Amino acid sequence: MRVRVTLYFPFREELPENPLELELPQGAVAAQVVEALVARFPSLRLRFYDAQGQIQRHISALVNGISIQFQRGWSTPISESDEVVLLPPVGGG
């Protein structure tokens, strides 16, 4: 299945296109979006994964405009034609 993925600065600096489409297996979850992205663009590995191979905790994602934090986290199901946005850490106060 194909999903549309949008990345925001600084992630998108290393991409030739943004947004982009990724091919995922049926039944994929949000974590597999990151896996597919890093497989296609290996230079992003250190931006998305920690030393233990886990998705860095400061990375946020939206699936169809809804934060995965309010769904099933990185286990949130992804469906054909979903739009996934990957966001870097945000600070302020």
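The values are calculated or read from the model by the stated rules, or taken from the named source; none is laboratory data. Owing to the predicted nature of the structure, the values given are computational and were not obtained by experimental measurement. Here the Cβ is made from the backbone with ideal geometry for all residues, glycine too, and neighbour counts use every protein chain on show.
Please state which of the following conditions Glu13 fails to meet, knowing it meets all the rest: (1) surrounded by fewer than 16 Cβ atoms within 10 Å (Cβ to Cβ); (2) in contact (Cβ under 8 Å) with a residue 12 or more places away in the chain.
It fails just one condition, (2).
Yes/no per residue for (1) part of a helix (DSSP H, G or I); (2) surrounded by 11 or more Cβ atoms within 10 Å (Cβ to Cβ):
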site	(1), (2)
Val3	no, yes
Glu17	no, no
Gln32	yes, yes
Leu44	yes, yes
Trp74	yes, yes
Ser79	no, yes
Leu86	no, yes
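Looking at (1) surrounded by 17 or more Cβ atoms within 10 Å (Cβ to Cβ); (2) modelled with pLDDT of 95 or more, can you tell me which one Ala39 breaks?
Failing condition for Ala39: (1).
Quick one: in segment 46-58, of everything that is crowded, with 16+ Cβ neighbours inside 10 Å and not β-branched (Val, Ile, Thr), which residue is nearest to Glu14 (Cα to Cα)?
Taking the candidates together, the pick is Arg47.
Looking at (1) among the small types (Gly, Ala, Ser); (2) part of a helix (DSSP H, G or I); (3) surrounded by 11 or more Cβ atoms within 10 Å (Cβ to Cβ), which one does Ala61 not meet, given that it meets all the others?
Failed condition: (2).
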